[in-house]
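Novice: Take this structure, written in C-alpha cells, and hold onto it; I'll ask about it next.
Computed from the coordinates by the stated procedures, all read-outs in this text should not be read as laboratory data. If you're wondering where the values come from, they're calculated on a predicted model, not measured in any experiment. Positions of Cβ are backbone-derived with ideal geometry, glycine not excepted, and every protein chain shown enters the neighbour counts.
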Amino acid sequence: MPLQRTALVTGASSGIGRAVAHLLLSRGYRVFGTSRSPDAVTDPVPGVEYLALDLSDDDSIAACAKAAGEVDVLVNNAGESQSGPIEELPRDALERLFQVNVIGAVRLTQLVLPGMRARRRGRVVMVGSMLASFPLAFRSSYVASKAALKGFANAARREVSPYGVGVTTVEPGSINTGISERRTQYIAADSPYAEEYRRMLSALNANESVGIPAAAVAATVVKAVEAARPKPLYAVGSNAPLVFALRRALPRTAVERIVSRKHGLH
C-alpha cells in the first residue's frame, strides 16, 4: 500500500487555499489546513484537519509546524492583498504585509525543510500573483511582496533539489474568490491620486469578478505538487500563455502600457 503523503496548506478557510485542501484530500493526501481561528471556519472541508496559524507571530508559526509534524507538501497560500499609492502606504501596513506574505511563509518553509531533506522528498509551492510578473500601479506593496516570495523560491530551488525537494511558484491572474472585499486599502481622503486609484480599483474588481474559479488555481497547484520535476513557475488565468508570450516578445514599456490600460490607466 503506497505511503500516504501529508500536506500543509495555509489560508485554507476560503478561496484558493480551501480549493487546494479539498483537491489534495480527494487525491489521498492527509491535509492540514490553517486558519487564524480554526473554530470560526464557516465552511470547513470535511476531512481537512484545521490548525491555528498567525503568520505575524513566530510562536504561532512554530506551533503550527510542530502540530503538523512530518510534512511532504507545503502550500504557502495565506496572505494579504493590499493597495494604495506608494506615497501613502503606512510603514506599519508595509511591515505587516511583508511579515505575512513573505517572512512568515519563509519561516514556515524553513521549519518543514529539514524533515523533507532528511526523507529526500518534498514539495513547497509559493502561491504568488501574476502581478509579480506584470506590475500594476497602486499595487506596489503587494507586487513587491509576491515578487519577493518568488525570489526566495527561485533561489532556493537549487539548494534543496539535490535532496529530492522541489520548490516552485504558482502565479494566478484574476481570480473570482471574493478577495476584492477583503483587500486592505490605504489612500488619503485628499489624495492627489484619488481619481486614478478609483479607476484602477474599479477595473481590478471587475476583472476579478469574471476571473477564473479557485478550483482552476488549485488544479495548477496540485500539478506543481505532483510533477516529477516541477517547473520554476506556473501561471494560470488572465490568458497566461498569451500574456507571457507577449512579455517575451514586446519591450517592457509596451507591456507596462498594456497592463495599465487593462486596469483603466492611460
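Novice: Which length gain, in nm to one decimal place, applies between Arg182 and Ala67 when the Cα-Cα distance is subtracted from 0.36 nm times their residue separation?
Specialist: 38.6 nm
Novice: Based on the mean of other Cβ atoms within 10 Å per residue, sort peptides 139-149, 220-230 so the most packed one is first.
Specialist: So the order, starting with the most tightly packed, is 139-149, 220-230.
Novice: Continuing with the same structure: Within the chain, how many Lys pairs sit with Cα atoms under 23 Å apart, leaving out pairs fewer than 8 places apart on the same chain?
Specialist: 6
Novice: What does the charge add up to near Arg247, with Lys and Arg as +1, Asp and Glu as -1, over the other residues with Cβ less than 13 Å from its Cβ?
Specialist: +1
Novice: In sequence order, what are the phi-derived ³J(HN,Hα) couplings for segment 127-140 according to the Karplus relation 6.51 cos²θ - 1.76 cosθ + 1.60 with θ = phi - 60°, rounded to whole Hz, with x for glycine and proline?
Specialist: My calculation for segment 127-140 gives 8, x, 7, 5, 5, 5, 9, 10, x, 10, 4, 6, 10, 4 Hz in order.
Novice: Next question, about the same structure. List the residues whose amide H sits under 5 Å from the amide H of Val31, counting only those 5 or more places along or on another chain, with H placed 1.01 Å from N in the peptide plane.
Specialist: Hits under the 5 Å cutoff: Ala7, Glu49.
Novice: Give the separation of the Cα centroids, segment 228-255 to segment 120-181, in Å.
Specialist: Segment 228-255 and segment 120-181 have Cα centres separated by 14 Å.
Novice: Quick one: length gained pulling Ala216 to Arg199 fully straight, 0.36 nm per residue minus the C-alpha distance?
Specialist: Between Ala216 and Arg199, full extension yields 3.3 nm more.
Novice: Further question: Give me log10 I(q)/I(0) at q = 0.07, 0.09, 0.11 Å⁻¹ for the chain, Debye formula, one equal scatterer per alpha-carbon, no solvent.
Specialist: -0.24, -0.40, -0.60
Novice: Let me ask another. Per DSSP helix of 4 or more residues, -39500 (n - 2.57); summed, then divided by the residues of the chain. What does that give at 222 nm, rounded to the nearest 500?
Specialist: Calculated from helices alone, the mean residue ellipticity at 222 nm is -14500 deg cm²/dmol.
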